[in-house]
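A short write-up of the structure that comes next.
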Amino acid sequence: MPGMQDVATYKFCPQCGGRLEKRLLKPMEPRRLVCTVCGFIFYLDPKLSVIAVIPMDEGVVMVRRAINPGYGLWVVPGGFVDLGEVVEDALVRETQEETLLTVRPIRLLNIYSYPDHRTVIAAYVTEYVSGELAAGDETLEARVFGFKEIPWPQIAFSSTQEALREYISER
């Protein structure tokens, strides 16, 4: 996942092309990238991602990633919310892309964020609606794991581990 080191990769203003420099604009806030020519403030905001906990056949649906980060590791289905997209619609879309399943969001399970990571993850409990479980174009494999079969050491992201533990603890 991209981290806060991304700040160093931005050198020029997206408005006028002037050089960016870090400045403290307000006490108690982080230093911001500011254009030395036009004064544009380049805010680096979090990126929102969604993940779906899909109960099925006395277990949960998981997918093995075919992309980095975490190539070959297991996660629950999910991905980034596009600009202008409703969060729950992104959840349904990402789940369809990765599992070929159609789901319905039932409730927000929790929101996860981590120091030095730009991604904020909204985890939802979902309900299966239709489709045959299969790997999508960003997954190597899709399957249901019983609660005692979950491959904890092979899970790619902390948010997946935390969401699964929280969901299981509620049962």
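The values are calculated or read from the model by the stated rules, or taken from the named source; none is laboratory data. As the structure is a computational prediction, the values presented were derived from the model and not from experiment. Ideal geometry is used to build each Cβ from the backbone, glycine not excepted, and the neighbour counts take in all protein chains shown.
Remarks
- Against the test of being in the same structural domain as Val60 (by TED's automatic domain parsing) and closer than 24 Å to Tyr71 by Cβ, the options Val120, Val103, Val86 yield a single qualifying residue, Val120.
- When Ala52 is tested against (1) surrounded by fewer than 18 Cβ atoms within 10 Å (Cβ to Cβ); (2) in contact (Cβ under 8 Å) with a residue 60 or more places away in the chain; (3) of a type in the set (A, V, I, L, M); (4) under 14 Å from Ala142 (Cα atoms), just one condition goes unmet, and that condition is (1).
- Condition check for Arg32: among the charged types (D, E, K, R), farther than 30 Å from Pro153 by Cα, buried (at least 16 other Cβ atoms within 10 Å of the Cβ) and not assigned by TED's automatic domain parsing to the domain that holds Tyr112: yes
- Inside segment 103-119, residues that are surrounded by 17 or more Cβ atoms within 10 Å (Cβ to Cβ), at pLDDT 95 or above and not aromatic (Phe, Trp, Tyr) make up a count of 4.
- Tyr10 being under 21 Å from Ser113 (Cβ atoms), without any contact (Cβ under 8 Å) to a residue 40 or more places away in the chain and hydroxyl-bearing (Ser, Thr, Tyr): no
- Index of the failed condition, Leu83 passing every other in (1) surrounded by fewer than 13 Cβ atoms within 10 Å (Cβ to Cβ); (2) over 16 Å from Val50 (Cα atoms); (3) among the aliphatic types (A, V, I, L, M): (2)
- Count - residues of segment 1-21 that are part of a strand (DSSP E or B) and either at pLDDT 95 or above or out of contact with any strand residue (DSSP E or B) (no Cβ under 8 Å at 6 or more places or on another chain) (or both): 4
- Meets criteria (more than 20 Å from Glu132 (Cα to Cα), over 13 Å from the mean Cα position of the chain (by Cα) and in contact (Cβ under 8 Å) with a residue 24 or more places away in the chain) for Leu109: yes
- Listed by position, the strands (runs of 3 or more DSSP E) inside segment 26-134 whose residues that are in contact with a Phe, Trp or Tyr (Cβ under 8 Å, 6 or more places away or on another chain) number at least 2 are 32-35, 47-53, 59-65, 102-112, 119-130.
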